[in-house]
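Each value in this text was obtained by applying a stated rule to the coordinates, not by laboratory testing. As the structure is a prediction and not an experimental result, all values here were calculated from the model. FYI the Cβ positions are ideal-geometry reconstructions off the backbone, even for glycines, and counts take in every protein chain you see.
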Amino acid sequence: PLMPAAMNGKYPFDHAGIGETSLMLALCPEAVDAARFEDNTGWYTASAKEASVELGQKGVAMIMDHLRAILRR
């Protein structure tokens, strides 16, 4: 996995919500259509409108640190 269970609670990993959308904003912003965020107010994806590049960069750093640790073993 990209993150160990110990990282739960330190980053909002979710599907199409704030965490995953932030990762996409950091890694592939052209794939994010922010105009569609308002359509998801009644679903778990409602948090996507709170996504940010900065949060995505934090997630990328956490994932990369985890993967580096695995490769060093």
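Against the longest principal axis of the chain, how steep is helix 18-27, in degrees 0 to 90 to the nearest 10, with axes from Cα atoms?
For helix 18-27, the angle is close to 70 degrees.
Report, in debye and to the nearest 20, how large the dipole of the chain comes out about its Cα centre when Lys and Arg carry +1 and Asp and Glu carry -1 on their Cβ.
Around 520 debye, computed over the chain.
How far apart, in nanometres, would the label points at Ser52 and Arg72 be if each is projected 7 angstrom from Cα along the Cα-to-Cβ direction?
About 2.9 nm separates the two model spin labels.
Please give the contour-minus-distance gain from Met7 to Ala34: 0.36 nm per residue of separation, less the Cα-Cα distance, rounded to one decimal in nm.
Stretched fully, the Met7-Ala34 segment lengthens by 7.0 nm.
Among Ile70, Thr21, Ala31, which residue has its Cα furthest toward the positive end of the charge dipole of the chain, with +1 on Lys/Arg Cβ and -1 on Asp/Glu Cβ?
Ile70
Cα-based Rg (one decimal) and Dmax (whole number) for the chain, in Å?
Over the chain's Cα set, Rg and Dmax evaluate to 13.1, 44 Å.
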